[in-house]
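Here is the structure we will look at.
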Amino acid sequence: MRGMPEVAVEPRPDNEPRYVRSYVFTRFAIGLLGVLLPPALVLLEPALFDGLPAPRGSLSAYYYSGVRELFVGGLWAIGVFLVVYKFLDFSWESLLSSLAGLAAVLVAVFPTELPGEGVTPTPFQVKLGESTVTAIHYASAVAFIALLVPIVLFFARDEGKREHRPWQGFHTVSAAFIVFGAALAAFAGITGGPDKGVLFGEWIAIWAFGASWLAKGAERKVLFRGRVAPSAVPADPPPETPTVPHG
């Protein structure tokens, strides 16, 4: 407005991009964790703990193995990040992400059914009953995988708004693979076949989720950007606020 003094806008702190890089790197790390968790469970158990020579029937079955802590810790890491990811955005993406994270934590806390005789039940299984804990586990697992689909599709939507959108199709295909993996796991769980169908279905779904998040977090211009110089200070100082005479 005429007669109002100009207001000089101070430049943002030059270290702010570090926080952005930390956020993007965390997203990249969660994707990497999703990609590495299934093969780590299957390969490290026989290598480190002389476990079963053949893979177990599902990823959840590794709760009753030497790599239990890896299974539980990996799910907790993914779950907690999904809860806090965009937590204050108050959007559908934020809500679905938080619900998916909560479901992942419940999958880790409430294990699948006991694999056989001689296995000590968990305190929750003793308190609530094995059947109740198993029902919570399966419901949480279904919710977790199902909620990953719209989250990945949100990535595809965001890529579609950019001028250059090479990753839009990748995220869409990743969502399709999550659906395929979930369908395979559900079919194998209901019918009993194909052999290891639940394991491979879960593996495909988690890999598709991890790959999508890796692509979303692999923003090299943000991750490897150098120190941003502060904005140049104007040569002429802003005009002083005019003094209003009294009386």
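Derivation of every value follows stated rules applied to the coordinates shown; laboratory data play no part. This one's a predicted model, so the numbers in the text were calculated from it and none came from an experiment. In this analysis, Cβ positions are derived from the backbone assuming ideal geometry, glycine residues included, and neighbour counts consider all displayed protein chains.
Descriptive notes on the structure:
- Taking chymotrypsin sites (Phe, Trp or Tyr not before Pro) across the stretch 62-151, the ones in a DSSP loop with at most 15 further Cβ atoms lying within 10 angstrom of their Cβ are 87, 90.
- Cross-link reach list, lysines versus residue 216, counting only Cα pairs under 29 Å and skipping chain neighbours closer than eight places: 86, 161
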